[in-house]
Amino acid sequence: VDSRQDFKVADLSLAAFGRKEITLAEHEMPGLMSIRKEFAAAQPLAGARIMGSLHMTVQTAVLIETLVALGAEVRWVSCNIFSTQDHAAAAVAVGPHGTPENPQGVPVFAWKGETLEEYWWCTEQALTWPNSPTGGPNMILDDGGDATLLVHKGVQYEKEGKVPSVDTAENEEHRVILELLNRTITDGSQKWTQLASEIRGVTEETTTGVHRLYEMQRDGELLFPAINVNDAVTKSKFDNKYGCRHSLIDGINRATDVLIGGKTAVVFGYGDVGKGCAESLRGQGARVIVTEIDPICALQAAMDGYQVTTLDEVVDKADIFITTTGNKDIIMASDMAKMKHQAIVGNIGHFDNEIDMAGLAKTPGIVKDEVKPQVHTWTYPDGKVLIVLSEGRLLNLGNATGHPSFVMSNSFADQTLAQIELFTKPDEYPTGVYTLPKHLDEKVARLHLDALGVKLTTLSPEQAAYIGVEVEGPYKSDHYRY
Ligand code: NAI
């Protein structure tokens, strides 16, 4: 990277368009904007060097500029090769006061349609800090855990004294990661160990990343404290559900423009994301079928009025298939072989292992053709065509623009408060995985009520005493499930 241009985006001339959309988004993000006001004087993130790995969208731009407004230095990448909005990335790089000729914003390394090599190169750039004692950040803001994973793998291999050979890679992405670590770890080098030693903590956005963190904690491998932002109520019960209710059909519509009403749609998984997706498809008049492995979620789906069955029962009858499980091997090539002509197959879970794209590509005689970026037809020798969205990667961000601002204001207000917690109170968070304290969760919800004209009822002191809470909250115990 050129030292005069410490960022890489697709096209700086898109910055003005990006700035207009950021300005519109700010009004729709009252949580973030009031946090900016509240902490403007205190500057709680002064001294924080935050490396962010989260979809580089318009909404994320408002998050980045909030962190900066609170005193942080920030470097950013997208956490998916297809999810960057190039105008948002350009506007962040240029900054509110810069110009394309004289960019003055935040170093962002992200463009829509990165290769896997570019993706991990970007992650490395954002983790590489000019003027830092260890050459790295002291905070990570992660979505899916890729930045956290890279640091942990680097430390692990430095401890073991060697990086596995690239020949041992399980897949293409693993090969790219091993190449990167082989390149950055030379004999006796402590680059990653030093870098990790300065990191005060990570705040993690999504279910899949949180899952990785709890596994590292269980195995004694976690190197620094983490806040599980996903399980803030104002995150997973809003972003995952209402966000996907908006952005799932947005992705299907922009990709295919097919009429959803009257079609049969299968939603795999009825967790928070699945609930939003099922409702979104039903809202368009689709007949929605749910698959589940968990009896509780299966029963919920049944009581919400959905047929719950297995893929085998419906694979040759349904028109639209959407995976939301955060699990792997949900739709295999052998399943896709049985689907109807012009069935639509897409994933909204975090990683691209829910749909067996490698297996599909190996189908004898199959031909892949690009209709437009992130929309591909796969034609079988008998002429049957499947439409696959975003090559099996999360389609709401690949084919559309992800969740809208208002819901992301909740998630990102949680993120900002979590960053402040970990950065300013290191003594209260020894290495481990934590959720956001409930009073902050309730605070984030409160920040979004006025904009929707919500009038909250106030408890009387007698009522508060009767149900055993304070008048100003928190109102629920930690085991309450909403
Ligand atoms: P969750 O854990 O609430 O739901 C997943 C559901 O899938 C669970 O109910 C589980 O029982 C079910 N499941 C697991 N294996 C299954 C199988 N083989 N067949 C059928 N069902 C199965 O998780 P959540 O919060 O709904 O997240 C799901 C995924 O979506 C995660 O990867 C998460 O990171 C991602 N996510 C994506 C977003 C986006 O904008 N695209 C937004 C939020 C989350």
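Below are the figures for this structure:
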item: Residue within segment 127-140 that is closer than 27 Å to Gly402 by Cα, within 23 Å of the chain's Cα centre (by Cα) and either without any contact (Cβ under 8 Å) to a residue 40 or more places away in the chain or assigned to a helix (DSSP H, G or I) (or both) present; result: no
item: Qualifying residue in segment 188-201 (condition: over 21 Å from the mean Cα position of the chain (by Cα), under 22 Å from Phe7 (Cα atoms) and open to solvent by 30 Å² or more (accessible area, probe 1.4 Å)); result: yes
item: Set Gly349, Gly305, Gly365: member being under 23 Å from Ile260 (Cβ atoms) and out of contact with any Gly (no Cβ under 9 Å at 6 or more places or on another chain); result: Gly305
item: Filter result (of a type in the set (Ser, Thr, Tyr) and surrounded by 14 or more Cβ atoms within 10 Å (Cβ to Cβ)) within segment 295-343; result: Tyr306, Thr309, Thr323, Thr324, Thr325
item: Residue list for segment 402-434, filter: open to solvent by 10 Å² or more (accessible area, probe 1.4 Å), in a loop (DSSP other than H, G, I, E, B) and not β-branched (Val, Ile, Thr); result: His403, Pro404, Lys425, Tyr429, Pro430
item: Odd one out for His350 among (1) free of Cβ contacts under 8 Å to residues at least 40 places away in the same chain; (2) within 11 Å of the ligand (Cβ to nearest atom); result: (1)
item: Among (1) closer than 18 Å to Lys237 by Cα; (2) in contact with a Cys (Cβ under 8 Å, 6 or more places away or on another chain), the one test that Ile322 misses; result: (1)
item: Residues of segment 245-271 satisfying the condition of being within 12 Å of the ligand (Cβ to nearest atom) and open to solvent by 40 Å² or more (accessible area, probe 1.4 Å); result: Arg245, His246
item: Residues of segment 389-401 satisfying the condition of being buried (at least 24 other Cβ atoms within 10 Å of the Cβ), aliphatic (A, V, I, L, M) and not in a helix (DSSP H, G or I); result: Leu389, Leu394
item: The lone exception for His97 - which of (1) open to solvent by less than 70 Å² (accessible area, probe 1.4 Å); (2) at pLDDT 95 or above it fails; result: (1)
item: Total residues in segment 1-40, condition touching a strand residue (DSSP E or B) at 6+ places or on another chain (Cβ under 7 Å) and open to solvent by less than 40 Å² (accessible area, probe 1.4 Å); result: 2
item: Options Gly161, Gly201; residue that is out of contact with any Ser or Thr (no Cβ under 6 Å at 6 or more places or on another chain), in contact (Cβ under 8 Å) with a residue 40 or more places away in the chain and of a type in the set (Gly, Ala, Ser); result: Gly201
item: Answer from Gly261, Gly251 - the residue that is of a type in the set (Gly, Ala, Ser) and not in a helix (DSSP H, G or I); result: Gly261
item: Residues that are part of a loop (DSSP other than H, G, I, E, B) and hydroxyl-bearing (Ser, Thr, Tyr), drawn from segment 99-123; result: Thr99, Thr115
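Yes/no per residue for (1) in contact with a Pro (Cβ under 7 Å, 6 or more places away or on another chain); (2) open to solvent by less than 20 Å² (accessible area, probe 1.4 Å); (3) at pLDDT 95 or above:
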position: Arg49; (1), (2), (3): yes, no, yes
position: Ile64; (1), (2), (3): no, yes, yes
position: Arg75; (1), (2), (3): yes, yes, yes
position: Thr84; (1), (2), (3): no, yes, yes
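The values are calculated or read from the model by the stated rules, or taken from the named source; none is laboratory data. The structure displayed is predicted, hence computed values, not measured ones. All Cβ positions, glycine included, derive from the backbone under ideal geometry; neighbour counts span all protein chains shown. Each accessible area value is taken on the protein alone, full model and side chains, heavy atoms only, with ligands, DNA and RNA left out. Shrake-Rupley method; radii C 1.70, N 1.55, O 1.52, S 1.80 Å.
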